Amino acid sequence: MIKDQEYLKDKASYCLDLAKKLGATSASVSVGHSISESVSFRNKVLDESNRSDNLGVSITTYIDKKKSSISSSNLLDENIKTLIEKCVETTKITPEDEFNGLPDKNLLAKNVKDLNLYDESHIENDKKIEYLKELETVTSENKKIVNTESGFTENKSNFILATSDGFCDGYKTSSFTASCVAVAKDDKSMERDYDYTSKCFLSDIKSSSKLAKETREKTIKKLNPKKIGSEKINIIFDKRIASSLLSTFAGAINSSAISRGTSFLKDKLNEQIFSPTINIIDQPDIPKGLGSRPFDSEGVETGILELVENGSLKSYLIDTYNGKKLNLKSNGRCGGTSNLFFENGELSFNELLKSNSKMIYVTETIGHGTNLVTGDYSVGATGFLIEDGEFKYPINEFTIAGNFKEMFKNLTLANDLEFEFSTNSPTAMIEGMVVAGK
């Protein structure tokens, strides 16, 4: 059973009172409890069953512009007292930093909205096992599927964030995640692929049969791949790969990278970095959203943020510390984005496929070939060759490369956006990328 709010509030209040009594001029405390239960299968046989129960406290103390932090999983009062004593003593000998401090009081969340992020439902392990058995059985209905792995995880968590400025609030979250990996084999090749579903509410995840069919179809389609030559060509990114472009963008506009000067998007505020058709939104108030939150990890109220409007960069992801370094106010993004997405483009998926006579459709990338300082991008990839709007055959063992400064400007989006995860994108096409094949 997850600890209730009153228990967490009591611990947080005790920590704050003690920190101030021991000499801290200000402090913040986060107390959280999470329970995770997971079951995994391999080739239709139970592989593992795990449960973790984590209760912890994180304390940050300030003495004017000096700061230090400490954390523990032991919440006994005697241990917390020792912990805070050490934290305060460490703070005293820590060098000052003019940008240290709690958020401005007027930025803190006041009326915390219930975003419906917690499902009271609990799925027992025997039900998880039933789900995974059917998942792997349906996935294996085609004889070309020779290996399967699957897992089901239920997470429940609750936390309280309290600061010496009077903020004290928190909320519960839950998630239910099922995944499947399949290996297909014929007389010419062996290929793998995967699919997964993750939601705040148990009733919203995909059925085991639907997840199985999608995994099976994706895997079998990849059999018997061919090699391609090297050329400059338009690349279409499948939705799950296109969302990684958004993740890179988010990393590049994080105020930490901007303040350090380690982002290719530094000094680009209010400049055109995408084509005028592109809009990027971070929306923290979507009910049941996997990334939804009423305030960030500092207690600053979050609101809908239009990061890119008509191709122009309108905002960074700003926390208190780096915001002060940049002379900007926090916009509630300490901890990163919430529900990040490209707005839909104008073309349908089929229109995008037919937009050029020959293209490559990427379904998986391999490696982490992104340099946020320069914007250079180079990854291994697998996918399909598209000719005249039709998928011709699977291809593998090729590399795609470019630079995000040009890739962003050459980006075209379809209108098939779905809110499946915390970062979502429609199918995306980037013109004129370099492909290195055989």
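The values are calculated or read from the model by the stated rules, or taken from the named source; none is laboratory data. These numbers were taken from a predicted model, which means no experiment stands behind them. Note: ideal-geometry Cβ built from the backbone for every residue, glycine included; neighbour counts use all protein chains shown. Accessible surface areas use protein heavy atoms only, side chains included; no ligands, DNA or RNA. Shrake-Rupley method; radii C 1.70, N 1.55, O 1.52, S 1.80 Å.
Being closer than 30 Å to Ala27 by Cβ, open to solvent by 10 Å² or more (accessible area, probe 1.4 Å), acidic (Asp, Glu) and within 22 Å of the chain's Cα centre (by Cα) is the requirement here; does Glu298 meet it?
Numbers: closer than 30 Å to Ala27 by Cβ: yes; open to solvent by 10 Å² or more (accessible area, probe 1.4 Å): yes; acidic (Asp, Glu): yes; within 22 Å of the chain's Cα centre (by Cα): yes.
Taking the combined requirement at face value, the residue satisfies it.
What are the residue pairs meeting all of these: first residue in region 120-131, first residue more than 15 Å from Arg51 (Cα to Cα), second residue in a helix (DSSP H, G or I), Cβ atoms under 6 Å, and 6 or more apart or on different chains?
Qualifying pairs under 6 Å: Ser121/Leu202; Tyr131/Ser208.
Pairs, please: C-beta under 8 Å, at least 6 apart or cross-chain, first residue in contact (Cβ under 8 Å) with a residue 24 or more places away in the chain and in region 379-400, second open to solvent by 70 Å² or more (accessible area, probe 1.4 Å) and small (Gly, Ala, Ser)?
Glu387/Ser357; Asp388/Ser357
With the structure loaded, tell me whether Thr320 is surrounded by 15 or more Cβ atoms within 10 Å (Cβ to Cβ) and at pLDDT below 95 or whether it fails that test.
no
Quick one: in region 85-101, of everything that is in contact with a Lys or Arg (Cβ under 6 Å, 6 or more places away or on another chain) and of a type in the set (Val, Ile, Thr), which residue is surrounded by the most Cβ atoms within 10 Å (Cβ to Cβ)?
Going through the qualifying residues, I end up with Thr91.
Restricting to region 365-379, and then to whatever is under 18 Å from the mean Cα position of the chain (by Cα) and hydroxyl-bearing (Ser, Thr, Tyr), can you tell me which residue is farthest from Phe404 (Cα to Cα)?
Thr365
What number goes with the only condition from (1) outside any loop (DSSP other than H, G, I, E, B); (2) of a type in the set (Lys, Arg); (3) surrounded by 20 or more Cβ atoms within 10 Å (Cβ to Cβ) that Lys392 does not pass?
Every listed condition holds for Lys392 apart from (3).
With the requirement that a residue be in a strand (DSSP E or B) and either open to solvent by less than 30 Å² (accessible area, probe 1.4 Å) or among the small types (Gly, Ala, Ser) (or both), what does region 424-438 give you?
Once the filter is applied, which keeps residues that are in a strand (DSSP E or B) and either open to solvent by less than 30 Å² (accessible area, probe 1.4 Å) or among the small types (Gly, Ala, Ser) (or both), region 424-438 yields Asn424, Ala428, Met429, Ile430, Gly432, Met433, Val435, Ala436.
Looking only at region 280-295, which residues are of a type in the set (S, T, N, Q) and either more than 19 Å from Phe249 (Cβ to Cβ) or crowded, with 23+ Cβ neighbours inside 10 Å (or both)?
Ser292
Mind checking whether some residue in region 366-386 is among the charged types (D, E, K, R), open to solvent by 60 Å² or more (accessible area, probe 1.4 Å), at pLDDT 95 or above and farther than 30 Å from Leu202 by Cα?
yes
Considering only region 393-427, how many residues are under 22 Å from Gly369 (Cα atoms) and of a type in the set (Asp, Glu)?
2
Out of curiosity, is Thr262 under 20 Å from the mean Cα position of the chain (by Cα) and under 30 Å from Lys67 (Cβ atoms)?
no
Scan the strands (runs of 3 or more DSSP E) fully inside region 278-367 and keep the ones with 1 or more residues being among the hydroxyl-bearing types (Ser, Thr, Tyr) and more than 29 Å from Leu102 (Cα to Cα).
By residue number, 358-366.
For region 1-19, how many residues are out of contact with any helix residue (DSSP H, G or I) (no Cβ under 8 Å at 6 or more places or on another chain) and more than 14 Å from Cys168 (Cβ to Cβ)?
Qualifying residue count, region 1-19: 4.
Give region 334-350 a look and list any residue that's out of contact with any Phe, Trp or Tyr (no Cβ under 8 Å at 6 or more places or on another chain), buried (at least 20 other Cβ atoms within 10 Å of the Cβ) and not aliphatic (A, V, I, L, M), or say none.
Within region 334-350, Cys334, Thr337, Ser338, Phe342, Gly345 meet the criteria.
Can you tell me which residues in region 102-135 are in a helix (DSSP H, G or I) and open to solvent by less than 50 Å² (accessible area, probe 1.4 Å)?
Leu107, Lys128, Ile129, Tyr131, Leu132, Leu135
Please give the strands (runs of 3 or more DSSP E) falling wholly within region 1-84 in which 3 or more residues are exposed (fewer than 14 other Cβ atoms within 10 Å of the Cβ) and modelled with pLDDT of 95 or more.
Of the strands (runs of 3 or more DSSP E) lying wholly inside region 1-84, those with at least 3 residues that are exposed (fewer than 14 other Cβ atoms within 10 Å of the Cβ) and modelled with pLDDT of 95 or more span 45-63.
Quick one: would you say Phe264 is buried (at least 17 other Cβ atoms within 10 Å of the Cβ), in contact (Cβ under 8 Å) with a residue 60 or more places away in the chain and touching a helix residue (DSSP H, G or I) at 6+ places or on another chain (Cβ under 8 Å)?
yes
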